[in-house]
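**Q** My structure is below; once you've seen it, I'll send some questions.
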Amino acid sequence: MNKRLILSGSVRVFARYKLRSFLMGLGVVIGVAALIVMRSVGTSAEDDVLENFNRLFSGSAMTIMNRAQRIDGEGQWAGKLTVEDLEALSAELPQVVDFDPGKTATREVSYRDVNRSLMIRGAGERADVVMGRGVMRGEFFSGSEIRSAARVALIGFKTAESLFEDEDPLGKQIEIGGSPFRIKGVLEEHGFDPHGMDLDDQVHVPITTMMRRIVNAQYIDSARLLLVEGADLEAAVDDVTDVLRARHELGATVQDDFSIYTPNQVQRLVKEANQVVTVYLPATAVIALLVAAIVIANIMLMSVRERTPEIGLRKAVGATEGQIKGQFFAESLVTSLFSGLIGAGLGIAIVAVLGMHNTTITIAPDAVAFGLLTALVVGTLAGYLPARRAAGLEAVEALK
Amino acid sequence: MIQFRNIRKTYERPDRARLEVLKDVDGRIEEGAFAAVVGPSGSGKSTLMNILGLLDQPDSGTYTLNGREVTDLDPTERARIRNQDIGFVFQQFHLLPRTSAVENVTLPLVYSDVPDPEDRAVAALARVGLSDRLHHHPHELSGGQQQRVAIARALVNNPRLILADEPTGNLDAEVTEEIMEIFLGLHRAGRTIMLITHDSDLAARCTERLRIEDGRLFEEATV
Ligand SMILES: Nc1ncnc2c1ncn2[C@@H]1O[C@H](COP(=O)(O)OP(=O)(O)O)[C@@H](O)[C@H]1O
Ligand SMILES: [Mg+2]
């Protein structure tokens, strides 16, 4: 048997049945491209978020949220976390070396005729160290500004662009919720948080100003504790829990009214949340590819019926059942692999274009490999039945 | 060359009645013969040719081809014999559509191992006078030209036996004569040919005539 002729024959089939081959391959092209794009975008987003987290959680740290999940998992309630709690933790627990309270609210921010609704965040004196985010221009809050609840603000660089365009924001006066604030600095670039909040389009004010002048609240939303290097995280969580429960006077049967997250937990939560993007969406692409396999199998079964005389003739001139089977298998494999390659090219091109707009998006090599492998599987699955049917045709009947 | 004994072939009709197409037929075709097979429509001519061409199997009987008993060979070995020793020509040509003459003629070589398939295909097309139509597709050729491509395909592997089932059945008289000339030439060159035909003039020009009627095979005397 002549391998070269067999191969050129199965490629020639593309030319003989152009439209049909195109339709056969289309599903695979789209499926593989979609798989690569979804997986690449998904994992890039995850890497991006995790990088942010690693920056925030380098060393040992923990985050306390002033809320707890109800036992039945439905809804949350707010607790009684205060700045004083944090001072107590710092005083009582030797492994707590630093802390920063957090409180956020959305308020109208305006400069001249520009009006925007923005996230306002109250930050402590040590926020630049504890949150790992200082200013790229201007100055951070001073201790006296925090103590006196001064009307000063730091803004993200995107906020600066939207409010001031080309003007220099430093020293300018803006209004937050109708009250005047002086801009002290522009915050370092920080990207997006896991919820998709743009951290570069925010306004920071002293935590005291936030609590007294903007929201007039007693309890903070969250806090971050920095621990001594190498601290036992589990033990620290227990210690913090004990202190806070005592201060909040929670009886033995009452649940915690706060939640504590450590870097490991957060990483796990982020990965879990991202499974939708990195696993489930690509899984739908795989299902699409299986549908493509069914389409190919169907078109090929039609093709076997239509090409019955050809099959009979090939048998008459000496093709064995195995060779007929091989021919149709080869056609199915060549179609899927060729379409898979086109789909991979298309997917990589789309990811490249997306990457030009968002530099965090890069191609996921595992998705390309997986896409091509799936194309191969599609070809094998799709070719099986038509190949068997073709090989089983009786030459005498086929030639009638 | 061909010798068969007690060949029996029965089909079951849709109404479950049995149709005895070949009833214990015996016969032989000598090497180098040009044998015509004649008989009414539905008498079993094609059935016999398919059995002798190893495309079909008889219910019973023995068949010796080139001195070899081939009745019980496995499918792969039968395919090899069809490829190497037999060339088929059919009434409906059976050319691959949208495929050039050369590629059509190359088809048997896909399933054998020759070093120069395209050269041999071109040579076979030259022998049927189609050197100037090598790259034409079937729909660009006349019926006679298409049948000549099919004959070239039957010749390309140099088989000793050519089985032709009403090759001129779809062609007009003038073209029929051209095709007959080609077969006569092949016969002169030493090939054994079995030609099924309804055309008694063609049958008369063969070296012998076999008639099938009522499931039996008779040798007709040369006129
Ligand atoms: N697969 C089959 N099933 C049932 N009957 C068949 C089958 N093949 C052929 N026949 C019948 O066998 C008879 C002989 O057919 P065939 O050999 O093609 O005749 P011929 O070639 O002499 O015209 C016909 O009556 C035909 O209908
Ligand atoms: Mg017939």
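Every number in this text was worked out from the coordinates using simple rules, so none of it is lab data. As the structure is a prediction and not an experimental result, all values here were calculated from the model. Every residue, glycine among them, receives a Cβ derived from its backbone with ideal geometry; neighbour counts consider all protein chains shown.
**Q** At residue B:23 and residue A:237, where each label point lies 7 Å from the Cα along Cα→Cβ, what is the point-to-point distance in nanometres?
**A** Between residue B:23 and residue A:237, the label points sit 9.5 nm apart.
**Q** I'd like the mean, over residues of A:12-20, of how many other protein chain beta carbons sit within 10 Å of each residue's own Cβ.
**A** Average per residue, whole number: 2.
**Q** Running a GNM on chain A with Cα contacts under 10 Å, which residue among A:101, A:206, A:386 ends up with the highest mean-square fluctuation?
**A** Highest fluctuation of the listed residues: A:386.
**Q** Same structure, new question: Under 4 °C and 1.567 mPa s, how fast does the stretch A:135-210 diffuse according to Stokes-Einstein, given a Kirkwood radius computed over C-alpha pairs? Answer in µm²/s, whole number.
**A** 102 µm²/s
**Q** Now, a different point. At 10 °C and 1.306 mPa s, grab the translational diffusion coefficient of the stretch A:70-158 from Stokes-Einstein with a Kirkwood Rh over Cα pairs, rounded to a whole number in µm² per second.
**A** 100 µm²/s
**Q** Averaged over B:201-213, how many beta carbons belonging to a partner chain fall within 10 Å of each residue's beta carbon?
**A** 0
**Q** Now for a different question. At what distance in angstrom do the alpha carbon centres of the stretch A:119-191 and the stretch A:296-332 lie from each other?
**A** Taking the Cα centre of each part, the stretch A:119-191 and the stretch A:296-332 sit 73 Å apart.
**Q** Over all Cα pairs of the protein assembly as shown, how is the pair count split among 10 Å bins, expressed in % and running from 0 up to the last occupied bin?
**A** Result returned by the calculation: 3, 13, 16, 13, 10, 7, 7, 7, 8, 8, 6, 2, 0, 0.
**Q** Return the FRET efficiency for the residue pair residue A:267, residue A:385: r is the Cβ-Cβ distance, R0 is 60 Å, and the value is rounded to the nearest 0.05.
**A** Once the sixth-power term is evaluated, E becomes 0.85.
**Q** For the stretch B:2-222, what value does the Rg/Rh ratio take when both radii are computed over Cα atoms and Rh is the Kirkwood radius, given to two decimals?
**A** Rounded to two decimals, Rg/Rh equals 0.97.
**Q** For the residues A:192, B:90, what sequence is obtained by ranking on other C-beta atoms within 10 Å, fewest first?
**A** A:192, B:90
**Q** Report, please, the projected area of the stretch A:178-316 averaged over directions, based on the convex hull of its C-alpha atoms, in nm².
**A** Its average projected convex-hull area is 20.2 nm².
**Q** Kirkwood hydrodynamic radius for the stretch A:312-400: how many Å is it when counted over pairs of different Cα atoms?
**A** 15.2 Å
**Q** Give me the percent of Cα-Cα pairs in the stretch B:1-111 that sit more than 23 Å apart, rounded to a whole number.
**A** Pairs farther apart than 23 Å: 39 percent.
**Q** Which lysines have a Cα less than 29 Å from the Cα of residue B:23, not counting those fewer than 8 places away in the same chain?
**A** Within reach: A:315, A:400, B:9, B:45.
**Q** What is the P(r) of the stretch A:68-256, as percent of Cα-Cα pairs per 10 Å bin from 0?
**A** 9, 33, 33, 18, 7, 1
**Q** A follow-up question, please. Evaluate the charge dipole of the protein assembly as shown about its Cα centre and quote only its size in Debye, nearest 20, assuming +1 on the Cβ of each Lys and Arg and -1 on the Cβ of each Asp and Glu.
**A** The dipole of the protein assembly as shown has a size of about 1740 debye.
**Q** Each label point is 7 Å from the Cα along the Cα-to-Cβ direction; what then is the distance between the points at residue A:197 and residue A:255, in nm?
**A** It works out to 2.2 nm between the two label points.
**Q** Considering only DSSP beta bridges with both partners in the stretch A:68-256, what is the antiparallel share in %, to the nearest 5?
**A** Of all bridge pairs located within the stretch A:68-256, approximately 75 percent are antiparallel.
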